[in-house]
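Asks: Starting off with a structure, shown below.
The values are calculated or read from the model by the stated rules, or taken from the named source; none is laboratory data. Keep in mind it's a predicted model, so treat the numbers as computed, not measured. Every residue, glycine among them, receives a Cβ derived from its backbone with ideal geometry; neighbour counts consider all protein chains shown.
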Amino acid sequence: MNTLKHLLKAALLFTVALLQNCKKEAINTPAAPPKQGMYALINDTAWTAVTITALLEYDASTGKIFTLRGTTGDKIIQLTAIQNNVAAGNNFPVGPANKNFDSFGYYIMPIHRALTEQNPTAGTVAGTSLVITSIDTANRLISGTFSFPQADTAYDAIGNVTVVQNNLITNGFFKQVHYVYTP
């Protein structure tokens, strides 16, 4: 009987020690997207802009140029859409932007890192999308969605490509972002 008690105590101590060494697996739940502002997944990692600037410019020779830039830490996403042959005004068409004049950028500061090219992605590249979902011209608020691929090319000291870092920006949106209009 004494031996059985010692075996049970040993088994109990072994079980307790085993359970203490087991680690719970961390649940990696992404943060909920914000209700306002600018958000995207960069290579499946949530990114939310801390600083957002939106500008709608009119130039008689170019047309309307909508530029949206979001920044968090050293990461920047910049979207540009151009509407040609239009009159001045603080509006922009709702719907898909004209892919021939879109430009998508994902940059890591400093933008011109030594031996690295960070180029914007043209709107004609497969996988690019910029859709204006709503615009409130009275309050100058704009909303939309975006996604695009992007690549950084790194070079060695004599100009040979050493690596190409491909990035995928998906599920992007901007909601109720205030824009500045300059005629």
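Asks: Which condition does Leu168 not pass, out of (1) in contact with a Pro (Cβ under 7 Å, 6 or more places away or on another chain); (2) at pLDDT below 95, if it passes all the others?
Replies: Failed condition: (2).
Asks: Which one of these does Ser143 not meet: (1) in a strand (DSSP E or B); (2) in contact with a Pro (Cβ under 6 Å, 6 or more places away or on another chain); (3) not charged (D, E, K, R)?
Replies: (2)
Asks: Taking the criterion of being in contact with a Lys or Arg (Cβ under 7 Å, 6 or more places away or on another chain), among the small types (Gly, Ala, Ser) and modelled with pLDDT of 90 or more, would at least one residue in segment 32-40 satisfy it?
Replies: Yes, segment 32-40 has at least one match.
Asks: Would you pick out the residues in segment 146-183 that are outside any strand (DSSP E or B) and touching a residue at least 60 places away in the same chain (Cβ under 8 Å)?
Replies: Tyr179, Pro183 - these are the residues of segment 146-183 that are outside any strand (DSSP E or B) and touching a residue at least 60 places away in the same chain (Cβ under 8 Å).
Asks: Considering only segment 45-65, state which residues are at pLDDT below 95 and either of a type in the set (D, E, K, R) or touching a Gly at 6+ places or on another chain (Cβ under 6 Å) (or both).
Replies: Within segment 45-65, Asp59, Lys64 meet the criteria.
Asks: Give segment 43-66 a look and list any residue that's crowded, with 17+ Cβ neighbours inside 10 Å and of a type in the set (Val, Ile, Thr), or say none.
Replies: Ile52, Ile65, listed by residue number.
Asks: Separate question: Give the residues of segment 37-87 that are of a type in the set (Gly, Ala, Ser), farther than 18 Å from Lys99 by Cα and assigned to a strand (DSSP E or B), sorted by residue number.
Replies: Those that are of a type in the set (Gly, Ala, Ser), farther than 18 Å from Lys99 by Cα and assigned to a strand (DSSP E or B): Gly37, Ala40, Ala46, Ala54, Gly70.
Asks: I've got another one for you. Looking at Asp102, Asp152 in this structure, which one is crowded, with 18+ Cβ neighbours inside 10 Å and either farther than 16 Å from Thr53 by Cα or modelled with pLDDT under 90 (or both)?
Replies: Unique residue meeting the criteria: Asp102.
Asks: Continuing with the same structure: Which of the residues belonging to segment 57-105 are of a type in the set (D, E, K, R) and touching a residue at least 40 places away in the same chain (Cβ under 8 Å)?
Replies: Correct list: Glu57 only.
Asks: Oh, and also: What about Ser134, is it part of a strand (DSSP E or B), of a type in the set (S, T, N, Q), out of contact with any helix residue (DSSP H, G or I) (no Cβ under 9 Å at 6 or more places or on another chain) and farther than 23 Å from Thr45 by Cβ?
Replies: Considered against the rule, which asks whether it is part of a strand (DSSP E or B), of a type in the set (S, T, N, Q), out of contact with any helix residue (DSSP H, G or I) (no Cβ under 9 Å at 6 or more places or on another chain) and farther than 23 Å from Thr45 by Cβ, Ser134 comes out as yes.
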